[in-house]
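Notes for the one structure printed next.
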Amino acid sequence: MTWRFVFVPLFLVMGYVQLFLVQEKQSMVQEVNLTPALPTQVLKVLAHTYMEQMVAEILFIKVAVFTGSGYQRDEKNLDVLANHFLAMTALHPKLEDIYYRTESALPDNGKNYVQIANQILESGRKTYPTQVALPYFEGFNYYYYLDEPVKAAELLRLASTYDEKYQWLGHLASTLDARGGNIRVGLTWLKGMYASMQEGDEKERYAKDIKDYEKALQVQLALERFKHKTSRHAKSLSELVPSELIGIPELSAKFEFAYDAGKLFLRVKNSRKKS
Amino acid sequence: MNRIFALSRITFLNGLRRNAVWGLCLFALLFEVCGIFFMDFFGRGLGRIICDFQFSIMWTAGMLFILFYAVQAIAWDDDHKAIDSILARPISRVEYVLGTVLGLTILLLCFEGLLGGIALIQIMWVKPMFTESYFPIFSTSHFLIAWLGLQLILLALLSVTMLISSAIRGAFPVMLMTLAYALICSGLPVVRESLKQKEVPTTQSLESMLQGLSLFFPDFSMLDLKDAVVSQENISEMIGMSVCLPFGLIGVYVVIVLALSCFIYQHRDIV
């Protein structure tokens, strides 16, 4: 009788520990998946209004743990992840961490996710209208992932106005404007920055850039005149010589022209982009 | 008046004797203190997150207090003979309602005051540990106003519980009805917001009906002043439309609900 009271509980405990260890081993091998979040409206009702922020923060912790693990970047997981970010933004738009985590987790996975990330960052900009990181992230996404340098320039220009120390973003915006063919806007902004700067190395650099922009603008105007006269776009820049230009202006070592179907681009030489 | 205070004192002391209330208090305190470790998951806006967390704990504890203790204390059924013995004494039913609500309110305020005090001490202790970029602003006066807003929400729920128990016999049905009321109060603004954004087709009569329903099921989010604790808004600017109007509105709502409870108790047969 006494043996039964000792051995039976002992076997039960040992059996339980064994099963637990097997379960633990299995969970390490199992794929990490993120369970979908409930629809935002349902979460709002369940959160009883007062707990909306807390629910968003719990979702954030869930996402933080998931993105910190070696998760499979398949469409299913990414869709659920994007859905979580959207739910968090709707529940608690003032939680800054959402925007930083969104930028680190979503855009690198394809154009769909870049657009979702930009949508989230845009609502972040409405909540934090003077937070420079948000338009910067959005602008970066437009340039790097979506190949829309003009749209990127617009956002970076906005970011440059937030504080004096971010003025350099305006220069970057002008470069992207020129890259996207919006040379006039880029030149105007650059001239504005030049006029407000104090004398120094930076001002000299800007002066050199302005010269290149002005040359590019000359070529752009020549293209417009050519189009107006011949009702077609020039096949190449050399077609503008000698009717519209004496010669194609020589740019500094920093920039080069690019031309495609009537649109002139001024690009930084050897600048690389995600393919 | 003396009878009201006497009954409130009995109700208060009765609550203090209940182990469940102390257990709830202890767990809430533990959550408040230990939950701070979850802040490691966040990189920015730590002040806001800590305040959200503390107020959410206080709200949850208050709701559990109302749903699982206050309902038991208020409800009258075969298991709870307290109402019979109290009303056998020279105390009117109106005095019974007011005395019970007052006692439970004082108990709730003591409970929430303890949680709020610990939360405040914790926040003030933690704040100097972070640089300004992570926890830039914290205002004690805004914290107090946000805490008062929360207490008003809980008081409104308590008065509605009293109203429901005046009409319905039994603790469990009263608890379910109170929970349903809370869900409607949180769901109605969501529905109205969806209609406003034109996510679903709508008619003027539907919008008017929903607006009318909001009179009976108020939107308690107007008393959610958590954000103000970490905002730069001046206190005098805040105590204007942000505070006076919602506090006044819900205050009057509580008075009306309690008056209605008194009326129903006065005319209802409790046998």
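Averaging sequence separations of C-alpha pairs under 8 Å and six or more residues apart, then dividing by the length of segment B:2-267, give the relative contact order as a whole percent.
Worked out over segment B:2-267, it gives 29 percent.
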**Fill in**
Mean per-residue count of partner chain Cβ within 10 Å for A:54-63 equals 3
**Request:** Might you report the magnitude of the Cβ-based charge dipole of segment B:2-267 about its Cα centre, with Lys and Arg at +1 and Asp and Glu at -1, to the nearest 20 debye?
**Result:** 580
**For segment A:35-129: relative contact order, % (alpha-carbon pairs under 8 angstrom, 6 or more apart)** = 30
**Message:** Using the Cα centre of the protein assembly as shown as origin and beta-carbon charges of +1 (Lys, Arg) and -1 (Asp, Glu), tell me which of A:H171, A:Q23, A:S243 is placed farthest towards the positive end of the dipole.
**Reply:** A:S243
**Message:** Let me spell out the model: positive unit charges on the Cβ of Lys and Arg, negative unit charges on the Cβ of Asp and Glu, origin at the Cα centre of the protein assembly as shown. What dipole size does that give, in debye rounded to 20?
**Reply:** 440
**Request:** Report the residue, chosen from A:L19, A:L156, A:L106, that carries the largest GNM mean-square fluctuation when chain A is represented by alpha-carbon nodes joined by springs under 10 Å.
**Result:** A:L19
**Request:** Would you mind ranking B:C25, B:C34 by Cβ crowding within 10 Å, fewest neighbours first?
**Result:** B:C34, B:C25
**Prompt:** Considering only Cα-Cα distances, which of the following residue pairs are longer than 21 Å: A:K165/A:K203; A:K44/A:K94; A:K94/A:K165; A:K215/A:K269; A:K62/B:K226?
**Reply:** A:K94/A:K165; A:K62/B:K226
**Message:** Can you list which of the DSSP-assigned H helices in chain B have a Cα extent of 15 Å or more along the long axis and an average Kyte-Doolittle score of at least 1.6?
**Reply:** B:19-34, B:93-126, B:140-167, B:244-267
**Prompt:** Out of A:V132, A:V45, A:V219, any idea which swings most in a Gaussian network model of chain A, alpha carbons joined below 10 Å?
**Reply:** A:V45
**Request:** Quantify how strongly other chains surround peptide B:177-186 by giving the mean number of their Cβ atoms within 10 Å of each of its Cβ atoms.
**Result:** 2
**Fill in**
Neighbour-count ranking for A:K263, B:K226, B:K127 (other C-beta within 10 angstrom, fewest to most) reads A:K263, B:K127, B:K226
**Debye, to nearest 20: dipole size of segment A:140-228, +1 on Lys, Arg Cβ, -1 on Asp, Glu Cβ** = 340
**Prompt:** Order of B:209-222, B:128-141 by packing, highest average Cβ count within 10 Å first?
**Reply:** B:209-222, B:128-141
**Asked** Can you give the average number of partner chain beta-carbon atoms within 10 Å of each beta-carbon in peptide B:51-57, as a whole number?
**Response** 4
**Asked** Which of B:L245, B:V101, A:A261 sits farthest toward the positive end of the charge dipole of the protein assembly as shown, with +1 on the Cβ of Lys and Arg and -1 on the Cβ of Asp and Glu?
**Response** A:A261
**Complete:** Neighbour-count ranking for A:K94, A:K227 (other C-beta within 10 angstrom, fewest to most) reads A:K227, A:K94
**Prompt:** Packing-wise, with mean Cβ within 10 Å as the measure, how do B:99-106, B:170-177 rank, highest first?
**Reply:** B:99-106, B:170-177
**Request:** Using only Cα atoms, find the angle between the long axis of helix A:75-91 and the longest principal axis of chain A, and express it within 0 to 90 degrees, rounded to the nearest 10.
**Result:** 90
**Request:** Count neighbours as other Cβ atoms within 10 Å of each site's Cβ, and list the GluC sites (Glu not before Pro) in segment A:184-228 that are DSSP loop with at most 10 such neighbours.
**Result:** A:E199
**Request:** Kindly express, to the nearest 10 degrees and within the range 0 to 90, the angle between helix A:2-29's C-alpha long axis and the longest C-alpha principal axis of chain A.
**Result:** 10
**Message:** Give me the net charge for the shell around B:M222: Cβ to Cβ below 14 angstrom, other residues only, Lys and Arg +1, Asp and Glu -1.
**Reply:** -3
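Read-outs throughout are calculated quantities, based only on the coordinates presented, and are distinct from any laboratory measurement. Here the structure is a predicted model, which means the values were calculated and not measured. Cβ coordinates were reconstructed from backbone atoms using ideal geometry, including for glycine residues, and neighbour counts include every protein chain displayed.
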